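Laboratory data are not the source of any read-out in this text; all were calculated from the coordinates shown. All values reported here derive from a predicted model rather than from experimental measurement. Cβ placement follows ideal geometry from the backbone for every residue including glycine, while neighbour counts extend to all protein chains displayed.
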Amino acid sequence: MRKPIVALVGRPNVGKSTLFNRLAGEPLAIVDDTPGTTRDRLMAESEWNGRYFFIVDTGGIDPSTGGKEALSVGSADYIQQIRQQAELAIREADVVLFLTDAAAGVTPADQEVAQILRRNQKIIEGKAYPPVFLVVNKADNQTFRNGAAEFYELGIGTPYPISALHGTGTGDLLDDLVAAFPTDTEEEEDDSVKIAIVGKPNVGKSSLLNRLVGEERSIVSPIAGTTRDAVDTKIVYEGIEITLIDTAGIRRRGKIEPGVEKYSVIRSMRAIERADVALLMIDATTGITAQDAHIAGYILEAQKSTVVLVNKWDAVEKDNFTMQTYTSRIRQDLNFIDYVPILFISAKTGQRVEQVLPLALKVQEERLARLTTAQLNRILHNAQDAHHATSRTGKSLRIYYGTQVRSDPPTFLIYVNDPKLAHFTYLRYLENAIRKEYPFTGTPIRLVLKPRR
């Protein structure tokens, strides 16, 4: 089931980041009383009453770009940023939360946002889409809650007085929010292997897609960020149906330009979620960057299998040790996914491109592999005999037995005396012991510890 996207929209300093952090369950967005603190968009998964969705904190209305004078409601830059944020949110989101400030009352900026939202909604079967919820934040006392009625003049609908800081009123808002989610989030049954091509802008993702497909399916341009949408291309390779997902480039924070590129990142993250295997493309001419590591982290969090493709290899001056040096550097910088294969290619010349799909399909096979219970317990007992887990309390972790409870990704349930005694370094040791027996190439594995009763 595709997770709906909920976008937070509003003028600066109405509490978007505070509400985002409450819905996300952790402080992911920087919160400050200074208007315009949120410089970029953050996205996190949230859940309410069993419904999972993505919450997006937008930074499209950023008065800092126009200087202090941009805070003036009459500023052309300010109004443009309001318009841009609201239009993009309503275009890409399934539901929009329009935040206002109970203490400040209705402002001209709020009226501007409301007008844009109403103008860009579509009427489908007599209902406005996407639905917009008017959230009156900072209603921290009864006086402000009673005063929320004045926000009816915005013409958005019933105001929801809440306090994002204290959580007051958020339950009622979330009940109605999840009830408004579209019912068509069930995706069509598709047994094809889904391979997402991800990476920073301008690393050659579209060029690789065109090479793999054999025709010009995606626009190729040297201008970073040309691809705005996640584009699905169906192919058949040696009798296997494959869905190739070409995504917009993911820029590092602070480099996401205002406009449609902000929300193209949402599509990239959604593509990672849909994929079985992610092809993480790195630019050989610039070397691995912090953003490459961030994207790899996104893939790992989504528990997806990975192949690292070092593109533009034809443009690198090489000697007998260049590939080995690059490999060592990648292993060092991406040490948290040291199980992934690395392939040096050139989408421009076609060098080693013929190896990309076979390698991706091999990784997908590893994702579905299973170990027998006997195999797993032999590995675990041998690992425990070779190295016991130590504890500061003097009590040691004891492993009784384990079993693989699922694949895609491989997940192992291990019964122990006390899961709290397992340090993450020892779990990494057990993972390496399993991979030594069966590598699960390119695929993350999960170890779930459970106390034996």
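Given points 7 Å out from each Cα along the Cα-Cβ axis, report the Leu368 to Asp408 separation in nanometres with one decimal.
0.8 nm
Would you please put 404-414, 106-116 in order of how densely packed they are, using the mean number of other Cβ atoms within 10 angstrom per residue and starting with the highest? Before the final figure, lay out the partial values.
Working: 404-414: 16.8, 106-116: 18.4.
Packing proxy ranking, top to bottom: 106-116, 404-414.
Would you please put 274-286, 118-130, 233-245 in order of how densely packed they are, using the mean number of other Cβ atoms within 10 angstrom per residue and starting with the highest?
Values: 274-286: 22.5, 118-130: 12.5, 233-245: 15.1.
With the highest mean Cβ count within 10 Å placed first, the list reads 274-286, 233-245, 118-130.
Tabulate in residue order the Karplus-calculated ³J(HN,Hα) for region 140-153, using 6.51 cos²θ - 1.76 cosθ + 1.60 with θ = phi - 60°, rounded to whole Hz; enter x for Gly and Pro.
Karplus-based 3J(HN,Hα) across region 140-153 equals 7, 9, 5, 4, 5, 5, 5, x, 5, 4, 5, 6, 4, 5 Hz.
Rounded to the nearest 0.05, what FRET efficiency is calculated for Arg51 and Phe321 with R0 set to 35 Å and r the Cβ-Cβ distance?
Values: r = 53 Å, r/R0 = 1.52.
Step by step, r from the Cβ atoms, then E = 0.10.
For region 234-240, what does the Karplus curve 6.51 cos²θ - 1.76 cosθ + 1.60, with θ = phi - 60°, yield as ³J(HN,Hα) per residue in whole Hz, taken in order and with x for Gly and Pro?
8, 9, 10, 10, 6, x, 9
Could you list which residues have their amide H under 5 Å from that of Leu449, counting only those 5 or more apart in sequence or on another chain, with H placed in the peptide plane?
The list, which skips near neighbours in sequence, is Ile414.
Pairs Lys395/Lys450; Lys194/Lys312; Lys312/Lys362; Lys318/Lys362: which exceed 19 Å Cα-Cα?
On the way: Lys395/Lys450 17 Å; Lys194/Lys312 24 Å; Lys312/Lys362 23 Å; Lys318/Lys362 28 Å.
Pairs exceeding 19 Å: Lys194/Lys312; Lys312/Lys362; Lys318/Lys362.
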